[in-house]
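This report concerns only the one structure given below.
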Amino acid sequence: MLAAVKKEKYPYNFILYYAFSFMAPAIFAAFLPVYLSTKGYNQTAIGTLLAVGPVVTVMAQPAWGVASDKSRYKNNVLLLITLGTAFTVLLYNFSAAFPFLVIVTAVFTTFSSGITPVADTIILDHLGKKQRSFGPVRMGGTIGYAVMAIIAGYFAQKNIKFIFILYAVVVGFSLLFTARLPKVKGYYREIKSKVSIIQLFKNRGLVLFLVFNLIISIISCFYSNFFPIYYKQTGADNVLLGWATFIATISEIPFLIFADRILNKIGTRNCLALSAAISAIRWISLYLITNVYINLVLQILHGLNFIVFNYSMVTYINKEAPKEFKTTAQAIYTLSVMGIARIVGGLLGGYLSDCFGIRQIFLLNTMITIAAIILFLGLFYLLPPSKSYKNSSL
């Protein structure tokens, strides 16, 4: 009886894992562009450096996904890449020379890019068996990200180079909780009749979601890369930037609380379209408004953007992908967000920002988002559903 009670104990370790593992990206998302700017790099150079990681992600992330699916336990792969991330981030402290930063970013991203899809698969696998909701668990990541944004802001205000040591420390703490995650096998080893990975792309719903997600993610990655610089150009300091990131992140909590109910009520397709429409309002607001305090308040709109796409896609893939390719499918999704989208958002965004200014690109992003919504919904209504997703919760 006691054993049964222990099995049903709420997985607080998952919440703590997400809290610490999401603290690290919060540091780089807000302050790595600022660090590069203090070293004298222009927007094109910053965009190029920020695109190095995504280029590596395109190759590394699918490899980690396949390695995880084929390993005895997915946890072994997660421990390896987390440990590699903690050590390689410290290399940033040695030099700010462009060639050195390119090499360090490539090595660092080789490890860090695999963490999220592998961890999501392990945790979703366990939660699925226990029939527990992913939303409250994933909320740990939101809270960790938000809190670290403020802490990192104060560290960056004192010395911007502190962000690399801080990153290594929080990844080190996340290792403690990584080691306590339940063991999840690489199911590919157990299945005798192997399924081709091509089956993933026969799911027309999944393909449309991935393409739409890619377009919206390119725009979001432009925001992630250049909003910190733009916000400081309008008069904000590092502390205010930290608070802006905090508000943006903490605004995700209401959606995470009601995520499953919302998706069950309106479906994945409508949820993504509505989220994209709200993001269009956000981009046009950044174009029209330059007051740092009004834009601080408008950060609350973030709670209906990234997290909606991320949660909807991760849970949809977990339901639709074949068991032996779940991690690979999650890696493909994360690849589109962290890889391809960041390459385009960094390189093209940096070039266009130098040519026309960051503010003008927010206006362009508004128009692209509206066009993408119309195209996305139009294709869903015009194209007949394929058998692979006819009965899925779209």
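The values are calculated or read from the model by the stated rules, or taken from the named source; none is laboratory data. Every value quoted in this text rests on a predicted model; they were computed, and no experiment measured them. A quick note on method: Cβ atoms are made from the backbone with ideal geometry, for glycine too, and the neighbour counts reach across all protein chains shown.
Structural remarks
Rundown of residues vs (1) closer than 21 Å to F111 by Cα; (2) at pLDDT 90 or above; (3) more than 19 Å from the chain's Cα centre (by Cα), yes/no style:
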position: V170; (1), (2), (3): yes, yes, no
position: F173; (1), (2), (3): yes, yes, yes
position: T178; (1), (2), (3): yes, yes, no
position: K183; (1), (2), (3): yes, no, yes
position: N203; (1), (2), (3): no, no, yes
position: L206; (1), (2), (3): no, no, no
position: F212; (1), (2), (3): no, yes, no
position: I219; (1), (2), (3): no, yes, no
position: N225; (1), (2), (3): yes, no, no
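- Residues that are among the charged types (D, E, K, R), at pLDDT 90 or above and over 13 Å from S113 (Cβ atoms) occur at least once in segment 39-47.
- Here V137 meets each of (1) β-branched (V, I, T); (2) surrounded by fewer than 17 Cβ atoms within 10 Å (Cβ to Cβ); (3) at pLDDT below 90 with one exception, condition (2).
- Yes/no for S21 being at pLDDT below 90 and assigned to a helix (DSSP H, G or I): no
- Some residue of segment 258-273 being buried (at least 19 other Cβ atoms within 10 Å of the Cβ), within 30 Å of L36 (Cβ to Cβ) and more than 18 Å from the chain's Cα centre (by Cα): no
- The listed residue being within 19 Å of G339 (Cβ to Cβ), of a type in the set (A, V, I, L, M) and surrounded by 16 or more Cβ atoms within 10 Å (Cβ to Cβ), out of I81, I103: I81
- Qualifying residue in segment 355-366 (condition: at pLDDT 90 or above, among the polar types (S, T, N, Q) and either surrounded by fewer than 19 Cβ atoms within 10 Å (Cβ to Cβ) or within 16 Å of the chain's Cα centre (by Cα) (or both)): yes
- Verdict on A277 being over 15 Å from M313 (Cβ atoms), assigned to a helix (DSSP H, G or I), at pLDDT 90 or above and of a type in the set (G, A, S): yes
- Options A156, A152; residue that is part of a helix (DSSP H, G or I), more than 19 Å from the chain's Cα centre (by Cα) and surrounded by 21 or more Cβ atoms within 10 Å (Cβ to Cβ): A156
- Condition check for V5: of a type in the set (V, I, T), modelled with pLDDT under 80 and part of a helix (DSSP H, G or I): yes
- Any chance L301 is aliphatic (A, V, I, L, M), part of a helix (DSSP H, G or I) and either crowded, with 22+ Cβ neighbours inside 10 Å or at positive phi (or both): no
- Number of residues in segment 40-74 that are outside any helix (DSSP H, G or I), in contact (Cβ under 8 Å) with a residue 24 or more places away in the chain and either on the phi > 0 side of the Ramachandran plot or among the small types (G, A, S) (or both): the value is 1.
- Residue check, L78 within 12 Å of F108 (Cβ to Cβ) and not β-branched (V, I, T): no
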